[in-house]
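Student: Here you go, one structure.
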């Protein structure tokens, strides 16, 4: 037979399961949130387009040059990071091979 303590634990477990199930069903995202994010993005994009259209020709060229410069700068940074990681991996490989060579020479 189960003791009263076991029944208390069982009731507590059932309460916790009901609470968890209630919390997970209440956290389902609704579609209005997704639409508002999309609408916010569209509004921002439209306002940026309107701002760009109101610029004089020289301003449009300056923005285009700045965007190209920023893009190349970001690409340059990314390539520097990748080349640094490759260099670190190569140095690590050389150190590992050197270690194996020295440890095999020492054991013979």
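Student: Which three lengths, in whole Å and largest first, does segment 56-108 cover when its Cα atoms are put on their principal axes?
Tutor: For segment 56-108, the Cα extents along the three principal axes come out at 78, 6, 5 Å.
Student: If you don't mind, there's one more thing I want to ask. Can you tell me the length gained on complete extension of the stretch residue 61 to residue 107, counting 0.36 nm per residue apart and subtracting the Cα distance? Please list the in-between numbers first.
Tutor: Details: separation 46, 0.36 × 46 = 16.56 nm, distance 6.86 nm.
Extra length available between residue 61 and residue 107 comes to 9.7 nm.
Student: At residue 80 and residue 97, where each label point lies 7 Å from the Cα along Cα→Cβ, what is the point-to-point distance in nanometres?
Tutor: Label-label distance for residue 80 and residue 97, simple model: 2.9 nm.
FYI, it's all coordinate maths here, none of it is from the lab. All of these numbers come straight from a predicted model, not from anything done at the bench. With ideal geometry, Cβ positions are generated from the backbone for all residues, glycine too; neighbour counts draw on all protein chains shown.
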